[in-house]
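The values are calculated or read from the model by the stated rules, or taken from the named source; none is laboratory data. Since the structure is predicted, the reported quantities are computational estimates derived from the model, not experimental observations. Every residue, glycine as well, gets a Cβ built from its backbone with ideal geometry; the counts of neighbours run over all protein chains shown.
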Amino acid sequence: MPLWALLVPAASFLLLVAAILLPPGVAIAAVCVPALIGAVVAAVHHAEVVAHRVGEPFGTLVLAVAITVIEVALIVSMMLAGGPDTATLPRDTIFSAIMIICNGVVGVCLLVGGLRHHEQSFRTEGTNSGFAALIALATLSLVLPTFTTSSPGATYTVSQLALAGIASLALWSLFVFIQTVSHRDYFLPTGNAADETSHAQPPSSQLAWASFAVLLFSLISVVGLAKILSPSIEAAVAAAEAPKAVKGIAIALLVLLPETWAAVRAARADRLQTSLNLAIGSALASIGLTIPAVALFSVLLGIPLALGLDPKDLILMALTFLVGAITLGTGRTNMMQGAVHLVIFAAFLFLALVP
């Protein structure tokens, strides 16, 4: 194991402890930013070691689930601290995660892969099944609450919330079963990428377990440092008089840093299937695990929860799914498709600031 892969997570964790013990300030926030980036890079490195040992698609699943657990912890902790004012935070964060993954991450991967390799291929059987599940979960969780009439506003009743939570968890669990057991071949790299993966020497089990432990350690540092930086983000949002939805975007960007870095590296190495496994798997986990968790906390603690999107966001999500269906429909991609997704992502960021 490289020495930096041990020293960077340790230094990030020590800075996290110092930031917790010392009074907050500009200096602490400035130090936390490079520590957060270092923890993200270390997390991606160790996730790739684990992925190489267990093989695809188990490796991408490890990182996706770990990052989503962090997202849930951040959302729930901020809901407990903020009370009724955070009723839309889960919705904003999940919607932001979908837009960041389906447009930002996928767009960058297709653009980088297209520039370097001209054209790339992937298995449509697995990718399209995951994308179909994502569309269904996003509609049940974020679209229908806007149109139901049993409760006021963009909210669900307790029974409707239970339906959304159970459906989300069930579909995500079924997708994981298909991805890792019944149809695992649908999610394996194709062509030269598959040959390179199969011939590369996997790390030892001891090294893989050590990397898994350091991965968890790094992810703890990521969520802790992100939590330390969240007041600075809130202050910056308030100072800029930006909409509340920007807070959800900031949380999603911080949480998705490790996956984004890993996905782009895979696309650059001509392993687009791995990139799409990470992207779609992360988006599915973001809904499939987050919705049941926040629904449970909302019911038990009596915290209001508004999940329905406004018309602008509904149109952006519909456009994302329409373009995504075209992009993932042929099994081959080029940089033009990546540019289209990045334009949609830029529009999402702009309209979040200027609604």
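Counting only residues that are within 24 Å of residue 335 (Cβ to Cβ) and in contact with a Ser or Thr (Cβ under 8 Å, 6 or more places away or on another chain), the stretch 235-257 holds 2 of them. Restricting attention to the stretch 268-283 and to residues that are buried (at least 24 other Cβ atoms within 10 Å of the Cβ) and out of contact with any Ser or Thr (no Cβ under 8 Å at 6 or more places or on another chain), the residue that is farthest from residue 97 (Cα to Cα) turns out to be 275. Where helices (runs of 4 or more DSSP H) sit wholly within the stretch 102-216, those with at least 3 residues that are within 21 Å of residue 314 (Cβ to Cβ) occupy 124-138, 144-147, 158-177. Within the stretch 208-233, residues that are within 23 Å of residue 30 (Cβ to Cβ) sit with their Cβ atoms under 7 Å from residues that are not in a helix (DSSP H, G or I), at 6+ positions apart or across chains, in these pairs: 231/24. Note on the stretch 289-322: residues that are within 17 Å of residue 127 (Cα to Cα) and either in contact (Cβ under 8 Å) with a residue 24 or more places away in the chain or of a type in the set (Phe, Trp, Tyr) (or both) amount to 2.
Filtered by the rule that a residue be more than 20 Å from the chain's Cα centre (by Cα), within 18 Å of residue 88 (Cβ to Cβ) and in contact (Cβ under 8 Å) with a residue 60 or more places away in the chain, the stretch 155-172 gives 155, 156, 161.
For the stretch 102-130, filtered to residues that are in contact with a helix residue (DSSP H, G or I) (Cβ under 6 Å, 6 or more places away or on another chain) and more than 19 Å from residue 264 (Cα to Cα), the residue that is surrounded by the fewest Cβ atoms within 10 Å (Cβ to Cβ) is 125.
Of everything in the stretch 12-23 that's surrounded by 13 or more Cβ atoms within 10 Å (Cβ to Cβ) and touching a helix residue (DSSP H, G or I) at 6+ places or on another chain (Cβ under 7 Å), which residue is modelled with the lowest pLDDT? Within the stretch 12-23, the match that is modelled with the lowest pLDDT is 19. When residues in the stretch 137-169 are screened for being of a type in the set (S, T, N, Q) and touching an Asp or Glu at 6+ places or on another chain (Cβ under 9 Å), 1 of them pass. Residue 52 - would you say it is under 15 Å from residue 219 (Cβ atoms), at pLDDT below 85 and assigned to a helix (DSSP H, G or I)? Considered against the rule, which asks whether it is under 15 Å from residue 219 (Cβ atoms), at pLDDT below 85 and assigned to a helix (DSSP H, G or I), residue 52 comes out as no.
Among the residues making up the stretch 230-253, those that are at pLDDT below 75 and under 20 Å from the mean Cα position of the chain (by Cα) are 230, 233.
The set of residues in the stretch 11-33 that are closer than 30 Å to residue 203 by Cα and without any contact (Cβ under 8 Å) to a residue 40 or more places away in the chain comprises 11, 14.
List pairs: first residue in the stretch 258-273 and in contact (Cβ under 8 Å) with a residue 12 or more places away in the chain, second residue outside any helix (DSSP H, G or I) and among the aromatic types (Phe, Trp, Tyr) anywhere in the structure, Cβ distance under 7 angstrom, at least six positions apart or on different chains. These pairs meet every condition: 272/122; 273/122. Looking only at the stretch 24-42, filter to residues that are under 14 Å from residue 214 (Cα atoms) and at pLDDT 80 or above; which one of those is surrounded by the fewest Cβ atoms within 10 Å (Cβ to Cβ)? Looking at residues that are under 14 Å from residue 214 (Cα atoms) and at pLDDT 80 or above, I get 38.
Taking residue 54, is it more than 21 Å from the chain's Cα centre (by Cα), under 24 Å from residue 174 (Cα atoms) and touching a residue at least 12 places away in the same chain (Cβ under 8 Å)? For residue 54, the condition - more than 21 Å from the chain's Cα centre (by Cα), under 24 Å from residue 174 (Cα atoms) and touching a residue at least 12 places away in the same chain (Cβ under 8 Å) - is met.
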